[in-house]
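Reviewing the structure listed below.
The values are calculated or read from the model by the stated rules, or taken from the named source; none is laboratory data. For clarity, every value in this text was computed on a predicted model and none was experimentally measured. No Cβ is skipped: glycine too gets one built from the backbone with ideal geometry, and neighbour counts run over all protein chains shown.
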Amino acid sequence: MPDNPLDWIDRELAALDERGLRRRLATRTGRQSSRLVLDGRKLVNFGSNDYLGLAADPRLVGAVAEAMAEEGWGSGASPLVTGRGTSHQLLEQRLARFEGTEAALVFSSGFAANSGTVAALVGPGDVVFADRKNHASLLDGCRLSRADVRVYPHADCRQLERLLAKAAGYSRRLIVTDSLVSMDGDLAPLGELAELAEQYACMLMIDEAHGTGVFGATGRGVAEHLGVENRVHVRVGTLSKALGSIGGFVAGSRSLIEWLANRARPYVFSTAGPSAASAAALAALDIIRNEPSRREGLLKRAKTLRRGLAEQGWDVGRSASQIVPVVVGDPDRAVELSAELRRQGFFVPAIRPPTVPNGRSCLRISLTHGHDDRIIAELLMALSIARNG
């Protein structure tokens, strides 16, 4: 018999095993919350992006049930055909008011929003400048755009300016960055990036996936926190993290949103997300407005955790948020520490290449509203035991 043309997959999986980089699927039972049952074991959950603890909030669940009774579940078509329902429209209007922009557009996922927006803004003959630590969705958008891509070292505005100075001949220029790096927990230098965008006549696009709902006086994100919202041309957010639902969105000028509705391929060629998911996001926006203590307490406890980790001698990098990495370098060491914490009752995922650069494997601690001071103290004790054991 001829060789199986997929035999190479087994060899590559074995190679991942040898380097300690193979992932395996786990199954969560029940609701997403600060405590979960994973593969049958009860654990304190430090692996979730449900930052405000809304994923299982009864108010979101009730909004979903009501929307399903009114609009059903499946959307049935692209938003441009018959898929956009009244909940989608209302959510876009509310997101625009929330963000303080002229308009907003809801995508089926944050990944689709990022990749589709970049590819709609630039193309052949254009150039995009991307932070090296940008999320994969932004990097994929750069590749799909077929524009020239210039990658600058993480948060290095001096190197970015050198690249910008050499790019005068391009038709369109775009700077794109995460506002809050998903694995490092640090904030992008948005003020400096805005200055460079203005100086070199660039569009500036930021992904607020991990900032929306958490940072800023009203929860709009890092741009609000740093006071640069009016200098950012394109703001992308997600509904699946602090808002506890699913989907992504872009906020900006009315002409930008009209353009994306016509040219962002993941929007044009994807079935719209369920109307019920939009209803959940609408309920979450109400909670963000009415309960600022959720984000304020979260960031306060994150500061406590970072201080405690530093006192124990752990490397937490430049984290300034609810995402706190414990950088250990070696992937096997990260897996060992994660396993030891699981034995002590904590789920803290090990993050390895290619998600992080070689030599930067870490534990990624993700704090949520449900983690109180006692739980944080218990986690610090568990990490101390793991370090010294």
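Yes/no per residue for (1) at pLDDT 95 or above; (2) within 21 Å of the chain's Cα centre (by Cα); (3) of a type in the set (D, E, K, R):
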| residue | (1), (2), (3) |
| --- | --- |
| ALA103 | yes, no, no |
| VAL118 | yes, yes, no |
| PRO124 | yes, no, no |
| HIS135 | yes, yes, no |
| LEU138 | yes, yes, no |
| ASP148 | yes, no, yes |
| LYS166 | yes, no, yes |
Practice prompt. Mind listing just one residue for me: the one in segment 127-148 that is surrounded by fewer than 19 Cβ atoms within 10 Å (Cβ to Cβ) and in contact with a strand residue (DSSP E or B) (Cβ under 7 Å, 6 or more places away or on another chain) and, of those, farthest from ASP207 (Cα to Cα)?
Written response: ASP148
Worksheet entry | Residue among ALA55, ALA67 that alone is assigned to a loop (DSSP other than H, G, I, E, B), touching a Ser or Thr at 6+ places or on another chain (Cβ under 8 Å) and crowded, with 21+ Cβ neighbours inside 10 Å | ALA55
Worksheet item: Of the conditions (1) surrounded by fewer than 20 Cβ atoms within 10 Å (Cβ to Cβ); (2) in contact with a Phe, Trp or Tyr (Cβ under 7 Å, 6 or more places away or on another chain); (3) of a type outside the set (Gly, Ala, Ser), THR86 fails just one. Which one is it?
Response: (2)
Discussion item. Taking the condition of being more than 21 Å from PRO353 (Cβ to Cβ) and in contact (Cβ under 8 Å) with a residue 40 or more places away in the chain, how many residues in segment 1-31 meet it?
Written reply: 0
Worksheet item: Are any residues in segment 363-389 within 24 Å of THR212 (Cα to Cα), in contact (Cβ under 8 Å) with a residue 40 or more places away in the chain and surrounded by 13 or more Cβ atoms within 10 Å (Cβ to Cβ), and if so, which ones?
Response: ARG364, ILE365, SER366, LEU367, THR368, HIS369, GLY370, HIS371, ILE376
Fill in: Residue check for LEU43: touching a residue at least 24 places away in the same chain (Cβ under 8 Å), surrounded by 12 or more Cβ atoms within 10 Å (Cβ to Cβ) and out of contact with any strand residue (DSSP E or B) (no Cβ under 7 Å at 6 or more places or on another chain)
no
